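What follows is calculated from the coordinates using simple rules that are stated; it is not laboratory data. Just so you know, these numbers come straight off a predicted model, no measurement behind them. Cβ: placed from backbone, ideal geometry, glycine included. Neighbour counts: every protein chain shown.
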Amino acid sequence: MILTLGGNRQLPSPPAEIADEVELWARQTGRHARLHFVPVRFRQGRVVAGTWVVRISLKANDKRLQLYREGKVAEPPTEDVWLHEPDGQGGYRPFDILQLGAGGVKRFLEWGSMWSGRGQFGSLEEQLRQVNQNNEEARQKNRADAKDRALTHTADRRRQALGIPFVGVVADITPEGEST
């Protein structure tokens with residue numbers, strides 16, 4: 001089944017066995033969950049990139065539902081679990097849920113679950129600290145990479161402006177023990 005998203009944009013629907021496993025997993029903690037595809041990029045009206053998200057309902061006594069109950073927001077808030085992983089370059093790589101299968105998606109959800117007490121993090125605060133630390137490390141790496149690129153660019157511009165020829169060094173030919 002393919003869902004239509006305005007105009008001629010079409011989104012894939014989740015595989016039934018994986019969607020059922022997600023719902024059964026959420027019911028263990030008294031919640032409901034649905035698997036949604038979130039498009040990230042379109043080309044000529046077709047989805048060319050996106051990722052799957054598990055939208056988990058909140059329990060009836062959750063304080064975050066108060067604005068919804070009072071009619072101040074149109075939809076009830078949810079907890080979203082994005083099925084992707086960092087790509088090591090500041091972005092994310094979506095999981096192929098067909099390759100993961102129902103069991104793999106369930107393991108991923110349990111790995112991050114704070115409700116069961118068996119997840120990677122013991123609390124939202126612990127997870128937030130880890131995310132902030134990862135973001136700071138990524139910022140530092142990006143700054144260092146940008147500085148390195150700027151220095152290389154400046155050296156190249158200086159070389160070009162002064163007419164210094166570029167000669168690459170293929171191998172070190174100095175005898176051992178000698179320094180240049």
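Among the residues of the stretch 48-73, those that are surrounded by 14 or more Cβ atoms within 10 Å (Cβ to Cβ) and either polar (S, T, N, Q) or in a helix (DSSP H, G or I) (or both) comprise Thr51, Ser57, Leu65, Tyr68. Quick check on the stretch 64-77. Is at least one of its residues more than 21 Å from Ala138 (Cβ to Cβ) and touching a residue at least 24 places away in the same chain (Cβ under 8 Å)? For the stretch 64-77, residues more than 21 Å from Ala138 (Cβ to Cβ) and touching a residue at least 24 places away in the same chain (Cβ under 8 Å): absent. Just so you know, in the stretch 68-97 the residues that are charged (D, E, K, R) and within 15 Å of Leu58 (Cα to Cα) include one that is farthest from the chain's Cα centre (by Cα), and it is Arg69.
Of the residues making up the stretch 74-107, just one is loosely packed, with under 12 Cβ neighbours inside 10 Å and on the phi > 0 side of the Ramachandran plot, namely Gly88.
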